[in-house]
Amino acid sequence: MILESPFSGSLRLNVVATKQTALLVILPLLFIGISVGFFSQWHWLFSVLVTALLGMTAFYFLKFHYWQQCAKSVTEFNQDEEGEWSLLCPNLPRQNSQSEWVLAELLGSSFSSTWLVVLNFKGEGKHFTVILPADSLDSDTFRRLRVRLKVLFS
């Protein structure tokens with residue numbers, strides 16, 4: 001008797017940006033800026049330039065992952081019964097405006113832990129990244145996603 005896996009069904013999740021997503025983007029850059037400012041012997045103008053570059057980087061990644069306004073920002077992803085992944089990218093420039101869904105392949109560089117899931121996809125010659133902190137989904141859905149990824153990569 002062959003048992004049907006609970007992971008063979010479809011999965012469809014919305015990517016919700018939370019405060020924890022913004023903190024994951026801003027805190028490392030803030031740490032780098034403070035380290036450069038306090039522990040370097042550079043001229044103050046160079047420290048200001050580095051801080052400005054870090055600020056622009058933080059703005060870009062907030063626009064990409066938190067506000068989801070960049071072309072490769074993913075707002076929803078889906079895995080069908082056959083295991084194929086598709087991504088909804090509403091800001092992606094398309095030649096035909098019929099569909100915004102992109103067929104993608106989940107890459108092995110994806111990461112899953114108790115507090116964070118980072119999904120890396122490749123589709124249409126582009127790379128897409130989805131950051132899902134634990135508070136972006138309810139706890140049961142987050143746990144099921146982590147188990148599904150563990151089964152997929154084992």
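The values are calculated or read from the model by the stated rules, or taken from the named source; none is laboratory data. All values reported here derive from a predicted model rather than from experimental measurement. In this analysis, Cβ positions are derived from the backbone assuming ideal geometry, glycine residues included, and neighbour counts consider all displayed protein chains.
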| field | Pair list, Cβ < 6 Å and 6+ apart or interchain, from region 108-125 residues that are assigned to a loop (DSSP other than H, G, I, E, B) to residues that are among the β-branched types (Val, Ile, Thr) | value | 124/102
| remark: Of the residues in region 26-42, those that are more than 29 Å from residue 119 (Cβ to Cβ) and in a helix (DSSP H, G or I) come to 34, 35, 36, 37, 38, 39
| remark: Over region 2-25, the set of residues closer than 24 Å to residue 131 by Cβ, at pLDDT 60 or above and part of a loop (DSSP other than H, G, I, E, B) is 10, 15, 16, 17, 18
